[in-house]
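**Q** Pasting in a structure now, in structure tokens, and then I'll have a few things to ask.
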Amino acid sequence: MHKNIILQYEIEQWLYKESELLDELNFDGWYELLSEEISYTMPLRINQMEESKPDYSEATLLFDDDSTTLKLRIDRLKTDMAWAELPPSRTRRNVSNVKIKEMSENEVTVHSNLLLYRSRSTDTTADLISGQRKDVLRKENGDWKLVSRWFLADQTSLGTRNLAIFV
Amino acid sequence: MTTTSTKQVPRLDEMTRSELIQYLKDTVKPEEGLIPSYIFSHPKVYELEMEKIFLRDWLFVAHKSEIPNKGDFVTREMGGQSVIVTHGADGEIHVLLNVCTHRGMKLCRMDNGNQKNFTCPYHGFNFKNTGDLIGIPFQKVVYGDTMDKSKMGLKEIRHAVYADLIFATLDADAVSLDEFLGDIKWYLDLAFNRAEMEVVGLPQKWNVDGTWKLGSDNTISDSYHTLVSHGSIAKLGLVPTGDYSKYGYQIYTGNGHGLNLGMPNPDGFAFPESLIDEYKERLSKDQYDILKQMKNMIVCVSPNIMILISSMDLKGQKISQTSLRIWKPTGPDSMEISSWVLVEKNATEEWKRLSEQAFTLTFGASGIFEQDDTENFTDITQNSKSPYHLQENIVFNYTMGMHQDQVEDFVGPGIVYKDKFNEANSRAFFRNWLDQITAE
Ligand code: FES
Ligand SMILES: [Fe+2]
């Protein structure tokens, strides 16, 4: 039990740290948290009858990235021509309901909720991206690294102008 | 002391329909390259667009590969109206008004699926996927002999198919799809008839506080913005720097349809080599010659379809992607973008996977090309809402390329200009738009 509480604490702190780095636009710092083997995907939420669940499609991905393409996105944000985030949106990532689903010696599967607030330009209406994360973290050289992130938004038609931000 | 100014803001909302039409004709001057700002957000203009364009034109609703089997359906929207596109039990495609004929409930609330029947959530009227009404709860008790089910089927919307694209129109008197598309078909062949194509998954959807017209306007003529709007991509070395986006042709084929064809492709053929025989068999020799040299192609089918073929180097491999999107109006100053990705059905799984990935990375909701366009659409639309723009009749400049001569020796149909840095297609698009919304 004791061990599990410590692990829960460690993983929560990792997720908060990650949010902080992204909210502060420290993308290089964020990239450091990722394993080289990262798979970063976001399936499409769809309207389905209860009996036809799951109500998402993995045939359509809104993010379909690995470490190379994530690096590309970060490098792009650093050019002075990435207009979608110039000036940058203000974002607040609220991570909650953190549940460790599986664990082994050096790997955990963790589910959490993400409520991402995005304020862009002079907009007075805020964009909210709400959804579920399923992450796999692995201990690499003593540090937890993100090996896989799967994010499923709650909207079928996103109420934000683009996904120029990370989820 | 009081001062009284003689300045006046034209009150479009107080004009009669014919005064409004006259005002539009007086202020929108496509041939002079003068497009007034107010048209990008004014509610009165939007009302006309809905009525004269979106209730009249042929609109894209689905690709045939989305409903391959009997019973398959997708729900879509056209002209603000939900429709169900089914592969009926009779083997035919049906586009059905998603409105129960009893008392108007939305019959189907799912994005897709496979069903023989649709049961209304309100009182349980039951319809076949062909639209026929087949069941009414307690029919004998509640109607006696007075209800004729055969007259109460779902309203069937007129549809037609070209290159596996299912179009529908809410105007029973509209010209045929064939006539509506005209010469743009030659180019649609390059996108959707070059090989058997299939949609991957379902469309991604996202919402932008910008008018649908800016999407179509950008699609039909704007290769010029690539240098700056998408400058970050060149900085990353993903596309050449400088004027790479200039080379090729700008082509207008009538009825508001046109394209920008980027060629030659300095990087070589970006389609699966294994499908060359299929391409050759399905395309004319001239079309195949164009495909061989194509770097990209951006087609606008009026009013609001964008078709894109684009090629890039991803993970050390040359790869092309094909997509179709609609700029769906959701209000005078807002739209929903839906975007479908298509692949060659007979390509290898590996090639399909990379092509999808290239799409997601560049032109999906998170696409690194895509993102920056939405800034332009949003801010132009929001600017145009100020009454100051009406008061001063602020107009935008669409005169680029007026000094250019058409080329006569291009193999494909249409009015053709060499090089893509030109606003001729936008002038033609807005002429068509103006004629449509001011038609009596
Ligand atoms: S509205 Fe559909 S059954 Fe009554
Ligand atoms: Fe663009």
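The values are calculated or read from the model by the stated rules, or taken from the named source; none is laboratory data. Since we're looking at a predicted model, the values are computed, not measured. Because the Cβ atoms are built from the backbone with ideal geometry, glycine has one as well, and the counts that use them run over all protein chains shown.
**Q** Take B:GLU179 and tell me if it is charged (D, E, K, R), surrounded by fewer than 22 Cβ atoms within 10 Å (Cβ to Cβ) and more than 14 Å from chain A (Cβ to nearest Cβ).
**A** When the stated conditions are applied, B:GLU179 passes them.
**Q** Given (1) basic (Lys, Arg); (2) in a strand (DSSP E or B); (3) more than 16 Å from ligand 2 (Cβ to nearest atom), identify the lone condition not met by B:ARG325.
**A** Answer for B:ARG325: the failing condition is (3).
**Q** Taking the stretch B:118-130 as the search range and keeping residues that are in contact with a Lys or Arg (Cβ under 8 Å, 6 or more places away or on another chain) and more than 12 Å from ligand 1 (Cβ to nearest atom), which one is nearest to the other protein chains (Cβ to nearest Cβ)?
**A** Within the stretch B:118-130, the match that is nearest to the other protein chains (Cβ to nearest Cβ) is B:ASN129.
**Q** Just the residues that are over 19 Å from B:GLN317 (Cα atoms), without any contact (Cβ under 8 Å) to a residue 60 or more places away in the chain and out of contact with any Leu (no Cβ under 8 Å at 6 or more places or on another chain), please, taken from the stretch B:355-374.
**A** Within the stretch B:355-374, B:GLU370 is the sole residue that qualifies.
**Q** Same structure again: For B:LEU390, state whether it is in a helix (DSSP H, G or I), surrounded by fewer than 22 Cβ atoms within 10 Å (Cβ to Cβ) and touching a strand residue (DSSP E or B) at 6+ places or on another chain (Cβ under 7 Å).
**A** Spelling it out, it is not the case that B:LEU390 is in a helix (DSSP H, G or I), surrounded by fewer than 22 Cβ atoms within 10 Å (Cβ to Cβ) and touching a strand residue (DSSP E or B) at 6+ places or on another chain (Cβ under 7 Å).
**Q** Being without any contact (Cβ under 8 Å) to a residue 40 or more places away in the chain, farther than 30 Å from B:LEU202 by Cα and within 25 Å of the chain's Cα centre (by Cα) narrows it down to one residue among B:ASP409, B:ASP435; which is it?
**A** Criteria check complete, one pass: B:ASP435.
**Q** While we're looking at this one, here's another question. Go through the stretch B:294-344 and count every residue that is small (Gly, Ala, Ser) and closer than 30 Å to B:TYR38 by Cα.
**A** 5
**Q** When you go through (1) crowded, with 18+ Cβ neighbours inside 10 Å; (2) modelled with pLDDT of 95 or more one by one for B:PRO68, which number turns out not to apply?
**A** Evaluating B:PRO68 over (1) crowded, with 18+ Cβ neighbours inside 10 Å; (2) modelled with pLDDT of 95 or more leaves (1) as the failure.
**Q** Of the numbered conditions (1) over 12 Å from the mean Cα position of the chain (by Cα); (2) farther than 26 Å from B:ALA234 by Cα; (3) within 16 Å of ligand 2 (Cβ to nearest atom), B:MET335 fails exactly one; give the number of that condition.
**A** B:MET335 satisfies every listed condition except (1).
**Q** Counting just the residues of the stretch A:150-164 that are within 13 Å of chain B (Cβ to nearest Cβ) and part of a strand (DSSP E or B), which one comes out farthest from B:TRP340 (Cα to Cα)?
**A** So the residue we want is A:PHE151.
**Q** Next up: Touching a helix residue (DSSP H, G or I) at 6+ places or on another chain (Cβ under 9 Å), modelled with pLDDT of 95 or more and within 14 Å of chain A (Cβ to nearest Cβ): is that true of B:LEU361 in this structure?
**A** Considered against the rule, which asks whether it is touching a helix residue (DSSP H, G or I) at 6+ places or on another chain (Cβ under 9 Å), modelled with pLDDT of 95 or more and within 14 Å of chain A (Cβ to nearest Cβ), B:LEU361 comes out as yes.
**Q** Can you name every residue in the stretch B:137-169 that is over 27 Å from B:ILE67 (Cβ atoms), part of a loop (DSSP other than H, G, I, E, B) and within 14 Å of ligand 1 (Cβ to nearest atom)?
**A** Once the filter is applied, which keeps residues that are over 27 Å from B:ILE67 (Cβ atoms), part of a loop (DSSP other than H, G, I, E, B) and within 14 Å of ligand 1 (Cβ to nearest atom), the stretch B:137-169 yields B:PRO137, B:PHE138, B:MET147.
**Q** Specify which of the listed residues (B:GLY124, B:GLY131) is more than 16 Å from ligand 2 (Cβ to nearest atom), among the small types (Gly, Ala, Ser), in a loop (DSSP other than H, G, I, E, B) and closer than 19 Å to B:LYS64 by Cβ.
**A** Sole residue among the options that is more than 16 Å from ligand 2 (Cβ to nearest atom), among the small types (Gly, Ala, Ser), in a loop (DSSP other than H, G, I, E, B) and closer than 19 Å to B:LYS64 by Cβ: B:GLY131.
**Q** When residues of the stretch B:96-114 are filtered for being within 10 Å of chain A (Cβ to nearest Cβ), over 14 Å from B:THR130 (Cα atoms) and in a loop (DSSP other than H, G, I, E, B), how many remain?
**A** Here the count works out to 3.
**Q** Checking the condition of a type in the set (Val, Ile, Thr), under 16 Å from B:THR362 (Cα atoms) and either in contact with a strand residue (DSSP E or B) (Cβ under 7 Å, 6 or more places away or on another chain) or away from chain A (no Cβ under 14 Å) (or both), which residue from B:ILE307, B:ILE220, B:ILE276 passes?
**A** B:ILE307
**Q** Something else now. Search the stretch A:39-55 for residues being more than 7 Å from every other protein chain (Cβ to nearest Cβ) and buried (at least 20 other Cβ atoms within 10 Å of the Cβ), and hand back the single one that is farthest from B:GLY367 (Cα to Cα).
**A** Looking at residues that are more than 7 Å from every other protein chain (Cβ to nearest Cβ) and buried (at least 20 other Cβ atoms within 10 Å of the Cβ), I get A:ARG45.
**Q** Among the residues of the stretch B:310-324, how many are within 22 Å of B:LEU236 (Cα to Cα), away from chain A (no Cβ under 14 Å) and of a type outside the set (Gly, Ala, Ser)?
**A** 1
**Q** Of these, B:GLU350, B:GLU356, B:GLU336, which one is modelled with pLDDT of 95 or more, in a strand (DSSP E or B), among the acidic types (Asp, Glu) and more than 16 Å from ligand 1 (Cβ to nearest atom)?
**A** B:GLU336
**Q** Among the residues of the stretch B:112-147, write down those that are aromatic (Phe, Trp, Tyr) and farther than 22 Å from B:HIS87 by Cα.
**A** Answer for the stretch B:112-147, where residues must be aromatic (Phe, Trp, Tyr) and farther than 22 Å from B:HIS87 by Cα: B:TYR122, B:PHE138, B:TYR143.
**Q** If a residue must be of a type in the set (Lys, Arg) and in a strand (DSSP E or B), how many such residues does the stretch A:51-76 contain?
**A** Number of matching residues: 0.
**Q** To continue, here is another question. Restricting attention to the stretch B:359-386, report how many residues are of a type in the set (Ser, Thr, Tyr) and either more than 14 Å from ligand 2 (Cβ to nearest atom) or not in a helix (DSSP H, G or I) (or both).
**A** Here the count works out to 5.
**Q** Can you spot a residue in the stretch B:93-111 that is within 13 Å of ligand 1 (Cβ to nearest atom), of a type outside the set (Lys, Arg) and free of Cβ contacts under 8 Å to residues at least 12 places away in the same chain?
**A** yes
Matching residues to (1) surrounded by fewer than 17 Cβ atoms within 10 Å (Cβ to Cβ); (2) in contact with a Lys or Arg (Cβ under 9 Å, 6 or more places away or on another chain):
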| residue | (1), (2) |
| --- | --- |
| B:PHE359 | no, no |
| B:PHE369 | no, no |
| B:THR399 | yes, yes |
| B:GLN404 | yes, yes |
| B:ASP409 | yes, no |
| B:ALA428 | no, no |
| B:GLN436 | no, yes |
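**Q** For B:THR241, all conditions in the list (1) at pLDDT below 95; (2) within 16 Å of ligand 2 (Cβ to nearest atom) hold save one; what is the number of the exception?
**A** (2)
**Q** Collect the residues in the stretch B:211-238 that are within 12 Å of ligand 2 (Cβ to nearest atom) and closer than 23 Å to A:THR79 by Cα, keeping them in residue-number order.
**A** Result: B:ASP222, B:SER223, B:TYR224, B:HIS225, B:THR226, B:LEU227, B:VAL228, B:SER229, B:HIS230, B:GLY231, B:SER232, B:ILE233.
**Q** With respect to B:THR362, is the statement that it is within 14 Å of A:LEU72 (Cβ to Cβ) and out of contact with any Cys (no Cβ under 6 Å at 6 or more places or on another chain) true?
**A** The answer is yes for B:THR362.
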